[in-house]
């Protein structure tokens, strides 16, 4: 199923490495909030990232919102094991009693600022519990370029409500233009306090600002959601 929205309009730094840009394309940053509670899937996900980077070079930024810095060392070990070099890990110091949407929103804002501070053309939002084919990013960048889309959402059907589309940012390519206009802090005007609703809010803002996006369910498959 394909849906096109709006036609084209007329912290603590732990590790840094050299950035790599895909040949002939805009630079992409894979930006992902992480937490120690998802360690059950992290090694498999890092292995998946390594395979994807071989197919489509992209930098990696992980924003850890775990209670302390100890989990970062474990993740660095995974990156070393799978030979990931172009990455950064930043730690978000935040009270663990804060709700999940608050922690995710502030983590995403760090990703956003990293993109805006550098010459990245797009953010590949890819949650750490989702395993995707190595050519997924290559597919998305080609479609984004061909259609001049601001966002491409290729996610799967909902795991909770059968037959309902999954509209979150689990796997989503977002152009820099969107991030220059809109952020992820919950104190922004009209920002919902649920991360799923925040993603819907972000899409609406992109449309209202004259942008566009495309939803293509089944474009990227299989997408495996890992459970604890």
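Observations on the model:
- Here residue 134 meets each of (1) modelled with pLDDT of 95 or more; (2) surrounded by fewer than 15 Cβ atoms within 10 Å (Cβ to Cβ) with one exception, condition (2).
- Filtered by the rule that a residue be in contact with a strand residue (DSSP E or B) (Cβ under 8 Å, 6 or more places away or on another chain) and within 25 Å of residue 68 (Cβ to Cβ), the range 42-51 gives 42, 44, 45, 49.
- For the range 134-148, the set of residues classified as touching a helix residue (DSSP H, G or I) at 6+ places or on another chain (Cβ under 8 Å) and more than 20 Å from residue 63 (Cβ to Cβ) consists of 134, 135, 136, 138, listed by residue number.
- Enumeration of residues in the range 164-180 that are at pLDDT 60 or above and surrounded by fewer than 15 Cβ atoms within 10 Å (Cβ to Cβ): 180
- Selected residue (only one of 104, 115, 89 is at pLDDT 95 or above, in contact with a strand residue (DSSP E or B) (Cβ under 7 Å, 6 or more places away or on another chain) and part of a helix (DSSP H, G or I)): 115
- With respect to the conditions (1) crowded, with 16+ Cβ neighbours inside 10 Å; (2) farther than 21 Å from residue 181 by Cα, residue 108 falls short on a single one, namely (2).
- Filtered by the rule that a residue be more than 10 Å from residue 128 (Cβ to Cβ) and either at pLDDT below 95 or outside any loop (DSSP other than H, G, I, E, B) (or both), the range 65-82 gives 70, 71, 72, 73, 74, 76, 77, 78, 79, 80, 81.
- Among the residues of the range 36-64, those identified as more than 15 Å from the chain's Cα centre (by Cα) and part of a loop (DSSP other than H, G, I, E, B) are 56, 57.
- Annotation: residue 159 fulfils all but one of (1) modelled with pLDDT under 85; (2) surrounded by 15 or more Cβ atoms within 10 Å (Cβ to Cβ); (3) touching a strand residue (DSSP E or B) at 6+ places or on another chain (Cβ under 9 Å); the unmet one is (2).
- Residue in the range 15-24 that is at negative phi, modelled with pLDDT of 95 or more and touching a strand residue (DSSP E or B) at 6+ places or on another chain (Cβ under 7 Å) present: no
- Test for residue 83: is it out of contact with any strand residue (DSSP E or B) (no Cβ under 8 Å at 6 or more places or on another chain) and on the phi > 0 side of the Ramachandran plot: yes
The values are calculated or read from the model by the stated rules, or taken from the named source; none is laboratory data. As the structure is a prediction and not an experimental result, all values here were calculated from the model. Every residue, glycine among them, receives a Cβ derived from its backbone with ideal geometry; neighbour counts consider all protein chains shown.
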